[in-house]
Amino acid sequence: LNAAPRRAPRQQIRFLPTPAPSGGGALELVPTRVPVLAEHPLVQGPRFRRLKIGAGHRLDVKASGVFVLGIGHGNKLLTDLYNCHLTKVYTVGGLFGKATDDFSDTGKLIEKTTFDHITREKLERILAVIQGTNHKALLMYSNTDMQTQEAYELAVKGLIRPMDKSPPIITAIRCLQFALPEFQLEIHCLHETQQYLRKIVHEIGLELKSSAVCTRVRRTRDGVFTLDDALPRTQWDLQSIQDAIQNCQLKVETEIEKTLG
Amino acid sequence: AAMAGMLRGLRAARPARSLHRRGLGGAAGPPSTRQLREAEEAAPVFQYAGKAAKRKDRVFVWGFSYSGALGVPSFVKPDAGWKKPRRIQPTPYRLETEEKISSAACGYGFTLLASSTTDITKVWGMGLNKDSQLGFQRSRRDKTKGYEYVLEPSPIPLPLEKPQQTRVLQVSCGRAHSLVLTDSEGVFTMGNNSYGQCGRKVIENEIYSESHLIHQLKEFDSRVVQVVCGQDHSLFRTKKGSVYACGWGADGQTGLGHYNITSIPTKLRGDIAGVNVIQVSSYGDCCLAVSDEGDVFGWGNSEYLQLASVTETTQVNVPRHLPFKIGKIKEAACGGTGNAVLTEEGNIFVWGYGILGKGSNLIETAVPEMIPPSLFGWSDFNSEICVAHIRCGLSQFAALTNRGELFVWGKNLRGCLGTGRMEDQYFPWRVTVPGEVVDVACGVDHMVSLVKSFT
């Protein structure tokens, strides 16, 4: 970053004493443009010595996916994005038949159960109920008075959501793949942690009178940032980072304007 | 520990056994991956539900309990002295029943549950019994008297000719009378008959409490397939598509062209004559009927603009066609002051007076207004969700979606909406029921739902 060409130094107009061209020993003040010495590269040193990098919503060790970082001024935008309370989308993979202590497949085994009675229809029924109760929680934690007409209008458009701290809420959940004993879910949620999603997988297993563990958690969208904007390990270099920041600038600005006004 | 070892050594007669090593020596360090895998495979597998596990049928009740209409005696008379009676059950509470209940109906302070079994006991009732709307319930303390309040689902003895073959199809409850529909023995009516709503002649000064009289009605043009009770009148729909009515008619709710009492079920004419009616609905003093072509007809009380789209009068005593251009109508539900219909696309239209479900600004309308489907869970994500059934209580509405979710809205009288809150609900709100809701019956201040468990 420091090797990038910098701005040319400021020029200033100074009256310098120079010997007069007309001869004689008298000194005249001639206005000349000289660069300000304070901005000389040798005086200033490298432009960036430290970078302020902040992290967006947490992603724990066993999970993968989109992880938003803010650099410099981006840290302030991160706070604004947090206050927008946008949903995140996860792809969660699960396995029926096992129950472990930390709800993932690398934990200590507690119990094994049969799962051949589980069908996709039963799973979808459970998911519909989870979505229903969470939708109710969405309306309740949004702290709006349900008796008003504005609450009705927002509810119709689906814009009611909690705008401050609340327990984890799932706004939408559906089954992408179902091949016993494995299954994959797509979960849209707010204010959650990845361990909470693993716990949801475990509870789905319990509801279906069996048990389930979570094999993978992958975040596919965090607010306005999707997998397409994210940089994989091979692209962690300056040029790609700069391009990515450029591409997302407009999206972030519009979203913040829309939600926070 | 070293001291103890030395002491042990001093007592030479004892064999030297170390205090530290108890049991057999185990592996040292954390178990390796192979050991973990072997331990996993060797673990026992538990089975909680087999492949042929069936979904269980349950009944959930909620609302005002002091009349005994919820069927849980411990709400009214707690079993321990320190417990307080529960006046209102704000969230769904499971009611244990002996048989699978196929039909339920809520009246004004009482409930009827019916099962389509061929056993002797087919109908159970609980709640208010001051007019024998639950039949005669012999009191256990005094064998000559009957109960005024029945706190537990108690069997109702029906005078059937073939009790082990006849099945009960449907029950319906009004303000102080009830109707039981059987498949081969017609309709049985019991309860208050001061306006002829039980289909028999009005006897002056008849005492209705502790009465054993259950009347049987068989003379219709074909088999009766649906019975509906209004507040003080009864409607019967037959297989041929005609509608019969009896009972109080001062608001024209019998639809027979006059405002008098009718004590014998009489066929309705008007705009319904010749129309094949597929569903009738009523709960207060207004009635709606749906034909097989998707038209809706109404008659009865119109003080709350229920029929204002066809007439300015407040009582309509002949069925009139309601010319709504909202699509083909599948089901209609009539409440005390508001009405709702369900169209073929799965949308709900409401009109009338009261809390109609479109926010606190809409209090009355004569023209049906649609409730946006996004309130029932419809979104781009779930576009197959639509409403499957609509039911009405006196001032509440209940809608069932095709995913088995129950939405309620309206006046929350004594917690009857089941939302857990006591405030009125101005737009459809989900009721959390642990199961897939198959049917719901709404009363004045309580509701009963028939639910299938998830797995």
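The values are calculated or read from the model by the stated rules, or taken from the named source; none is laboratory data. Keep in mind that what you see is a predicted model, and the values were worked out from it rather than measured. With ideal geometry, Cβ positions are generated from the backbone for all residues, glycine too; neighbour counts draw on all protein chains shown.
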Item to check | Long-range neighbours under 6 Å by Cβ, at least six apart or interchain, first residue without any contact (Cβ under 8 Å) to a residue 40 or more places away in the chain within segment B:382-407, second hydroxyl-bearing (Ser, Thr, Tyr) | outcome: B:ILE385/B:THR401
Next on the checklist: Out of A:LYS209, A:LYS199, A:LYS157, I need the residue that is out of contact with any strand residue (DSSP E or B) (no Cβ under 9 Å at 6 or more places or on another chain) and in the same structural domain as A:THR119 (by the TED database). Which one?
Outcome noted: A:LYS157
Checklist outcome for this item: Looking across segment A:133-187 at residues that are within 19 Å of the chain's Cα centre (by Cα), away from every other protein chain (no Cβ under 13 Å) and more than 20 Å from B:PRO373 (Cα to Cα), the single one that is surrounded by the fewest Cβ atoms within 10 Å (Cβ to Cβ) is A:LYS165
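How about segment B:401-455: which strands (runs of 3 or more DSSP E) wholly inside it have at least 2 residues that are surrounded by fewer than 24 Cβ atoms within 10 Å (Cβ to Cβ) and on the phi < 0 side of the Ramachandran plot? Working first, answer last.
Values: elements: B:406-410, B:425-431, B:436-442, B:446-452.
In segment B:401-455, B:425-431, B:436-442, B:446-452 are the strands (runs of 3 or more DSSP E) which contain 2 or more residues that are surrounded by fewer than 24 Cβ atoms within 10 Å (Cβ to Cβ) and on the phi < 0 side of the Ramachandran plot.
One line per residue, one yes/no per condition, for (1) facing chain A (nearest Cβ under 9 Å); (2) out of contact with any Asp or Glu (no Cβ under 8 Å at 6 or more places or on another chain); (3) under 30 Å from B:ARG87 (Cα atoms); (4) modelled with pLDDT under 85:
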{"residue": "B:GLY26", "(1), (2), (3), (4)": "no, yes, no, yes"}
{"residue": "B:PRO31", "(1), (2), (3), (4)": "no, yes, no, yes"}
{"residue": "B:ARG37", "(1), (2), (3), (4)": "no, yes, no, yes"}
{"residue": "B:GLU40", "(1), (2), (3), (4)": "yes, yes, no, yes"}
{"residue": "B:PHE46", "(1), (2), (3), (4)": "yes, no, no, no"}
{"residue": "B:GLY50", "(1), (2), (3), (4)": "yes, yes, no, yes"}
{"residue": "B:ALA53", "(1), (2), (3), (4)": "yes, yes, no, yes"}
{"residue": "B:ARG58", "(1), (2), (3), (4)": "no, yes, yes, no"}
{"residue": "B:GLY63", "(1), (2), (3), (4)": "no, no, yes, no"}
Item to check | Extreme residue, nearest to A:GLY93 (Cα to Cα), among residues of segment A:49-70 that are among the charged types (D, E, K, R) and either in contact with a strand residue (DSSP E or B) (Cβ under 8 Å, 6 or more places away or on another chain) or touching a residue at least 40 places away in the same chain (Cβ under 8 Å) (or both) | outcome: A:LYS62
Checklist entry - Restricting attention to segment B:140-158, which residues are outside any strand (DSSP E or B) and either surrounded by 13 or more Cβ atoms within 10 Å (Cβ to Cβ) or of a type in the set (D, E, K, R) (or both)? => result B:ARG140, B:ARG141, B:ASP142, B:LYS143, B:LYS145, B:TYR147, B:GLU148, B:ILE156, B:PRO157, B:LEU158
